[in-house]
Amino acid sequence: MTLIAQITDMHIRPSGTKAYGVVDTEAMLRQAVASILAQPRQPDVVVASGDLTDCGLSEEYELLRDILRPLPMPVYVIPGNHDRRDNLRAVFAVDGYLPRAGVFLHYTIEDLPLRLIALDTVVPGKGHGEMDAARLAWLEARLAEQPDRPTFIFMHHPPFPTGLQHMDSINCRNGAAMAKLVRRYSNVERIACGHHHRSIQIRWAGTVGSVAPSVAHQVLLDLQPHEAPLFTLEPPGYHLHLWQPEAGLITHTAFIGEFAGPYPFRLDPDSPAFGDKAVAQPAQSAIARERRA
Ligand SMILES: [Fe+2]
Ligand SMILES: [Fe+2]
């Protein structure tokens, strides 16, 4: 089994500066890191799917690196439309997985049971992303290398529609061409994205497309056409992708925050299952006691 935590759209600003004057993205990412560290089963890796910072400043990448430091597992990052490749590379190149040369911050991670392919969809200065001919050729070459190995692609801009119309107008261009390529590879288990700041799933190109919620602010859930996206401070979260070879790739949404519980399931006498000797009440209580300890 392999567990991948996907955090996204952290939009880090310099310490003491709130994003859009509202969102304390530093504090929220620190809470996300604490939440990951508190997971009973620790992820094997963390992937961060873009909009790592809000303005792409070196100071923001330095702060981001500092916030992520408590995570003991490998953390892999890709850029989003709010990032600047040169500043990102300058701070994160030391980890060794980012390409040393070339324009795009594409790479693969080969040492997990599930192969990771990281795509850079950024078009500098623009909100939308793109899988242009050069990027499609790179992806095609990578997919052709290991056509039978389960593969997890992550990229910032979704190449598929989501119904959030303003966000879809700045999604990944040339999605149809990417779909044509991906459809040829049944080993692609998932295309995991960020950018839309909500948890979204779609069947696409013979695989599953997903978007993780932001660890900071969320885009308003409004499926009507509207002028510009608005954001809210709904509970933030991240995705936990569990790879079980016999079952496939299973995704859970983890919400970040302080919530009441956990509680044992004490059956009400009115329940149709009441009296069923198979219900393991003592075990549930033991779990609750253990968690409180
Ligand atoms: Fe974002
Ligand atoms: Fe974005």
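Scan segment 153-163 for residues that are assigned to a strand (DSSP E or B) and either surrounded by fewer than 18 Cβ atoms within 10 Å (Cβ to Cβ) or within 16 Å of ligand 1 (Cβ to nearest atom) (or both) and jot them down. Write out each step before concluding.
The first filter runs over segment 153-163 and keeps only residues assigned to a strand (DSSP E or B), leaving 153-154.
The one that is assigned to a strand (DSSP E or B) and either surrounded by fewer than 18 Cβ atoms within 10 Å (Cβ to Cβ) or within 16 Å of ligand 1 (Cβ to nearest atom) (or both): PHE154.
Can you find, within segment 61-78, the residue that is farthest from ARG142 (Cα to Cα) among those that are within 16 Å of ligand 2 (Cβ to nearest atom) and part of a strand (DSSP E or B)?
If we take residues in segment 61-78 being within 16 Å of ligand 2 (Cβ to nearest atom) and part of a strand (DSSP E or B), then VAL77 is farthest from ARG142 (Cα to Cα).
Pick out, from segment 187-263, the strands (runs of 3 or more DSSP E) lying fully within it that include 1 or more residues that are more than 16 Å from ligand 2 (Cβ to nearest atom) and under 11 Å from the mean Cα position of the chain (by Cα). Don't jump to the end; show me each part of the working.
On the way: elements: 188-193, 200-204, 207-211, 237-244, 248-255.
The strands (runs of 3 or more DSSP E) meeting that bar are 237-244, 248-255.
Only residues in segment 79-107 that are more than 16 Å from ligand 2 (Cβ to nearest atom) count as the first member; pair them with residues that are hydroxyl-bearing (Ser, Thr, Tyr) and part of a loop (DSSP other than H, G, I, E, B), Cβ under 6 angstrom, at least 6 apart or cross-chain, and list the lot.
Close Cβ pairs (under 6 Å, with a partner that is hydroxyl-bearing (Ser, Thr, Tyr) and part of a loop (DSSP other than H, G, I, E, B)) amount to TYR107/TYR97.
A quick yes/no check of all residues on (1) of a type outside the set (A, V, I, L, M, F, W, C); (2) loosely packed, with under 13 Cβ neighbours inside 10 Å:
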position	(1), (2)
ALA137	no, yes
ALA144	no, yes
THR151	yes, no
GLN165	yes, no
SER169	yes, yes
MET178	no, no
ARG184	yes, no
HIS195	yes, no
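Which of the residues belonging to segment 40-60 are more than 12 Å from the chain's Cα centre (by Cα) and not in a loop (DSSP other than H, G, I, E, B)? So that I can check it myself, show each step before the final result.
Applying the first criterion (more than 12 Å from the chain's Cα centre (by Cα)) to segment 40-60 yields 40-44, 53-60.
Within segment 40-60, THR53, SER58, GLU59, GLU60 meet the criteria.
Quick check: anything in segment 4-12 within 16 Å of ligand 1 (Cβ to nearest atom) and either surrounded by fewer than 22 Cβ atoms within 10 Å (Cβ to Cβ) or farther than 20 Å from PRO236 by Cα (or both)?
So in segment 4-12, the residues within 16 Å of ligand 1 (Cβ to nearest atom) come out as 6-12.
From what is left, the residues that are either surrounded by fewer than 22 Cβ atoms within 10 Å (Cβ to Cβ) or farther than 20 Å from PRO236 by Cα (or both) are none.
Among the residues of segment 4-12, not one is within 16 Å of ligand 1 (Cβ to nearest atom) and either surrounded by fewer than 22 Cβ atoms within 10 Å (Cβ to Cβ) or farther than 20 Å from PRO236 by Cα (or both), which makes the answer no.
Could you grab me the full set of residues in segment 47-70 that are of a type in the set (A, V, I, L, M) and either touching a Leu at 6+ places or on another chain (Cβ under 6 Å) or free of Cβ contacts under 8 Å to residues at least 40 places away in the same chain (or both)?
Restricting attention to segment 47-70, the residues satisfying the condition of being of a type in the set (A, V, I, L, M) are 47-48, 52, 57, 63-64, 67-68.
Correct list: LEU52, LEU64, ILE67, LEU68.
Please identify the pairs in which a residue from segment 164-175 that is touching a residue at least 40 places away in the same chain (Cβ under 8 Å) has its Cβ atom under 8 Å from the Cβ atom of a residue that is in a helix (DSSP H, G or I) and away from ligand 2 (no atom under 13 Å from the Cβ), counting only partners at least 6 apart or on another chain.
Going by the 8 Å Cβ cut-off, the qualifying pairs are CYS172/MET178; ASN174/LEU136.
Would you check if there is a residue in segment 174-181 being in a loop (DSSP other than H, G, I, E, B) and under 18 Å from the mean Cα position of the chain (by Cα)?
Checking segment 174-181: not a single residue is in a loop (DSSP other than H, G, I, E, B) and under 18 Å from the mean Cα position of the chain (by Cα).
Read the figures in this text as sums done on the coordinates, not as results from a lab. All values reported here derive from a predicted model rather than from experimental measurement. Cβ: placed from backbone, ideal geometry, glycine included. Neighbour counts: every protein chain shown.
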